[in-house]
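Values quoted throughout were computed directly from the atomic coordinates according to the rules given, and no laboratory measurement underlies them. Small disclaimer: the values here were computed from a predicted structure and weren't measured. Here the Cβ is made from the backbone with ideal geometry for all residues, glycine too, and neighbour counts use every protein chain on show.
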Amino acid sequence: MSKLVAPAFALIAVLGLAACQTVEGFGRDVSTAGSTIAYEANDAR
């Protein structure tokens, strides 16, 4: 699981620095991050 932690934090940091202009945009970014993390977690199985 530690293999997923660093990329997940990196992804969240990049999305956070992407300067979302609206709450809706932030929601899409968080959703994308969650989907990516879920995909990577399933791929690691």
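At 7 Å along the Cα-to-beta-carbon direction for both Tyr39 and Ala13, put a label point, then send me their distance in nm to one decimal.
2.2
Taking neighbour counts of Cβ atoms within 10 Å as a proxy for exposure, in what order, fewest first, do Glu40, Glu24 appear?
Result, fewest neighbours first: Glu24, Glu40.
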